[in-house]
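A.B. asks: Can you keep this structure in mind? I'll have questions shortly.
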Amino acid sequence: MRVQVLTIFPELFEPFLSTSLVGRAIEKGLLEVRVHDLRDFTADRHRSVDDEPYGGGGGMVMMAPPWIRAVREVAAAAGDRCWRVLLSPQGVRLDDAKVRELAGRADLVLLCGRYEGIDERVRQTVVDEEISIGDYVLSGGELPAMVLIEALSRQVPGVVGLADSVANDSFRLGLLDHPHYTRPPVVEGLEVPEVLTAGDHAKIRRWREQEALRATLEKRPDLLARPEVVAGLTPEQRRELERSKS
Ligand code: 4FV
């Protein structure tokens with residue numbers, strides 16, 4: 001998978017792209033990320049990317065020409081296989097299903113906005129999809145782009161060591177994750193559930209399934225309103241869910 005990023009702060013990505021899982025994925029050639037400075041696509045000697053808003057009002061707006069030139073140039077190499085994503089609060093909400101959909105694409109171009117926003121004609125000319133990481137306003141699209149790149153990288157085979165840990169990721173099955181424990185056996189007087197140290201793996205799997213359901217019922221009951229989630233439950237989880245309703 002190749003991801004190209006357009007931003008006026010390329011330096012923000014350096015530590016992220018050279019550390020931990022994403023850093024290793026890039027080192028291993030499992031993921032290619034190229035960060036481009038939007039100012040390299042400006043035409044004036046001040047390398048301007050923003051200007052005052054038509055109609056007045058506070059703040060500055062990012063100009064369309066540098067974005068249109070930049071997206072067309074960096075996408076050119078990928079041809080029409082390239083999917084161009086603008087990170088913005090107006091976008092569709094990023095979730096596990098959207099991450100897996102985007103992970104199926106070979107080439108992504110991510111547009112990271114700044115200031116009050118981007119001239120609307122960028123959306124109308126060189127954007128295929130807008131994505132939001134949440135209903136709050138950040139100062140830039142760079143952190144949302146990193147969130148997306150990290151989530152995408154976990155979908156690339158070979159990036160996350162234990163493949164099954166991705167398969168069992170929260171949300172993959174639609175439920176929240178079960179609790180996790182490790183040494184020491186007692187912390188603040190709190191012990192590890194006995195089932196986890198008794199060595200009966202069938203019992204451990206059933207306990208984890210029940211705990212995932214319990215955590216979801218308690219913290220994200222909205223997830224259990226999704227038919228595809230209920231359809232993925234084990235018969236035991238389904239019985240427990242019915243019991244919880246009675
Ligand atoms: C955002 C979000 C976000 C809005 C104005 C950048 C900022 C500034 N992007 N999910 N929430 N973007 O707040 O994706 O240009």
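A.B. asks: Does Ala70 fit the bill of being at pLDDT 95 or above, farther than 30 Å from Gly161 by Cβ and part of a helix (DSSP H, G or I)?
C.D. replies: In short, yes.
A.B. asks: Do you know which of the residues in the stretch 211-246 that are polar (S, T, N, Q) and touching a helix residue (DSSP H, G or I) at 6+ places or on another chain (Cβ under 7 Å) is nearest to Val192 (Cα to Cα)?
C.D. replies: My answer is Thr216.
A.B. asks: Would you confirm whether or not the stretch 83-103 contains a residue that is away from the ligand (no atom under 15 Å from the Cβ), more than 30 Å from Arg226 (Cα to Cα) and not charged (D, E, K, R)?
C.D. replies: Looking for residues that are away from the ligand (no atom under 15 Å from the Cβ), more than 30 Å from Arg226 (Cα to Cα) and not charged (D, E, K, R), one finds none in the stretch 83-103, hence no.
A.B. asks: Here is a further query. Does the stretch 49-67 hold any residues that are touching a Pro at 6+ places or on another chain (Cβ under 9 Å), hydrophobic (A, V, I, L, M, F, W, C), open to solvent by 30 Å² or more (accessible area, probe 1.4 Å) and not in a strand (DSSP E or B), and which are they?
C.D. replies: Residue satisfying the conditions is Met60 alone.
A.B. asks: Just to be sure I understand, how many residues within the stretch 104-134 are on the phi < 0 side of the Ramachandran plot, within 8 Å of the ligand (Cβ to nearest atom) and surrounded by 15 or more Cβ atoms within 10 Å (Cβ to Cβ)?
C.D. replies: Residues that pass the stated criteria total 7.
A.B. asks: Considering only residues that are more than 24 Å from Pro65 (Cα to Cα) and exposed (fewer than 15 other Cβ atoms within 10 Å of the Cβ), which ones fall in the stretch 1-20?
C.D. replies: Matches in the stretch 1-20: Glu14, Pro15, Ser18, Thr19, Ser20.
A.B. asks: Would you confirm, using the coordinates I've provided, whether Ala151 is within 16 Å of the ligand (Cβ to nearest atom), at pLDDT 95 or above and not in a loop (DSSP other than H, G, I, E, B)?
C.D. replies: Against the criterion (within 16 Å of the ligand (Cβ to nearest atom), at pLDDT 95 or above and not in a loop (DSSP other than H, G, I, E, B)), Ala151 qualifies.
A.B. asks: I need the full set of residues from the stretch 135-157 which are touching a helix residue (DSSP H, G or I) at 6+ places or on another chain (Cβ under 7 Å) and open to solvent by less than 40 Å² (accessible area, probe 1.4 Å), in order please.
C.D. replies: Matches in the stretch 135-157: Glu142, Met146, Ile149, Ala151, Leu152, Ser153, Val156.
The values are calculated or read from the model by the stated rules, or taken from the named source; none is laboratory data. Note that this is a predicted model, so its numbers are computed, not measured. Cβ atoms come from the backbone with ideal geometry, glycine included; neighbour counts cover every protein chain shown. Heads up: the accessible areas ignore ligands, DNA and RNA and are worked out on the full protein's heavy atoms, side chains in. Shrake-Rupley method; radii C 1.70, N 1.55, O 1.52, S 1.80 Å.
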